[in-house]
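**Q** Dropping a structure here in structure tokens format, bear with me for questions.
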Amino acid sequence: GQTPATGTVNVRNIRMYSGTPASVTISTNLTVNGTITCTSVTQTSDQSVKDNVELANLDEIKNIFDNVEVKTYTRNDGVQGSRIGFIAQDVNSVINEDSKFQNIVNPIYSSGPPLLGIDYARLTAILWGVCKNQEERLRVLETNNTST
């Protein structure tokens, strides 16, 4: 067979099945201009694909949390309605160049110049770290409060 030429394919109303409707594997980057609706998103996180595992720096996590504000905005690219979220440049500006958190902000390549995108799932780890830190601080305060 022949290998098709590289290019763009515009498809409307497509369903992809791989044996069953429950699983489809796409072995390349997928860019979607529109909404993705699903019942769940699962990212590979198995220990077998991870080396050099260590605790994240809680001071760096808290610095990101403390210095990035939630914003409301409207988009100027045709997406309608008010939105709530983060500005990628705000997040990027508080992550040091040598940080292990560099994978939170990533360039997105499309037909125009690259845009910055945020891995919102990784922001969950930031929140988790802040919450664990607060839980420890609350435990200490409660212990000190009952001791007096």
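**Q** Can you say whether residue 59 is more than 19 Å from the chain's Cα centre (by Cα) and acidic (Asp, Glu), as far as the supplied structure shows?
**A** Yes; evaluated as a whole, the condition is true for this residue.
**Q** For the structure I just gave you, tell me whether residue 76 is out of contact with any Pro (no Cβ under 8 Å at 6 or more places or on another chain) and touching a residue at least 24 places away in the same chain (Cβ under 8 Å).
**A** For residue 76, the condition - out of contact with any Pro (no Cβ under 8 Å at 6 or more places or on another chain) and touching a residue at least 24 places away in the same chain (Cβ under 8 Å) - is not met.
**Q** All but one of (1) out of contact with any strand residue (DSSP E or B) (no Cβ under 8 Å at 6 or more places or on another chain); (2) modelled with pLDDT of 80 or more hold for residue 1, so report the exception by its number.
**A** Answer for residue 1: the failing condition is (2).
**Q** Let me ask another. Tell me yes or no: at least one residue of the range 34-54 is of a type in the set (D, E, K, R), under 29 Å from residue 114 (Cβ atoms), modelled with pLDDT under 65 and in a loop (DSSP other than H, G, I, E, B).
**A** no
**Q** Restricting attention to the range 56-71, does a residue exist that is small (Gly, Ala, Ser), surrounded by 12 or more Cβ atoms within 10 Å (Cβ to Cβ) and either assigned to a strand (DSSP E or B) or touching a helix residue (DSSP H, G or I) at 6+ places or on another chain (Cβ under 9 Å) (or both)?
**A** Filtering the range 56-71 for residues small (Gly, Ala, Ser) gives 56.
With the extra rule that they be surrounded by 12 or more Cβ atoms within 10 Å (Cβ to Cβ), the set shrinks to 56.
From the residues that got through so far, the ones that are either assigned to a strand (DSSP E or B) or touching a helix residue (DSSP H, G or I) at 6+ places or on another chain (Cβ under 9 Å) (or both) too are 56.
There is at least one residue in the range 56-71 that is small (Gly, Ala, Ser), surrounded by 12 or more Cβ atoms within 10 Å (Cβ to Cβ) and either assigned to a strand (DSSP E or B) or touching a helix residue (DSSP H, G or I) at 6+ places or on another chain (Cβ under 9 Å) (or both).
**Q** Give the residues of the range 36-55 that are open to solvent by less than 80 Å² (accessible area, probe 1.4 Å) and either closer than 16 Å to residue 125 by Cα or in contact (Cβ under 8 Å) with a residue 12 or more places away in the chain (or both), sorted by residue number.
**A** Scanning the range 36-55 gives a single hit, 45.
**Q** Given the criterion surrounded by 10 or more Cβ atoms within 10 Å (Cβ to Cβ), hydroxyl-bearing (Ser, Thr, Tyr) and either in contact with an Asp or Glu (Cβ under 9 Å, 6 or more places away or on another chain) or within 19 Å of residue 34 (Cβ to Cβ) (or both), identify the matching residue among 82, 99. It would help to see each step written out before you state the result.
**A** Numbers: 82 fails: surrounded by 10 or more Cβ atoms within 10 Å (Cβ to Cβ).
Just one listed residue meets the conditions, 99.
The values are calculated or read from the model by the stated rules, or taken from the named source; none is laboratory data. In this text, all values refer to a predicted model and were calculated from it rather than measured experimentally. Every residue, glycine as well, gets a Cβ built from its backbone with ideal geometry; the counts of neighbours run over all protein chains shown. Heavy atoms of the whole protein, side chains included, go into the accessibility calculation; ligands, DNA and RNA do not. Shrake-Rupley method; radii C 1.70, N 1.55, O 1.52, S 1.80 Å.
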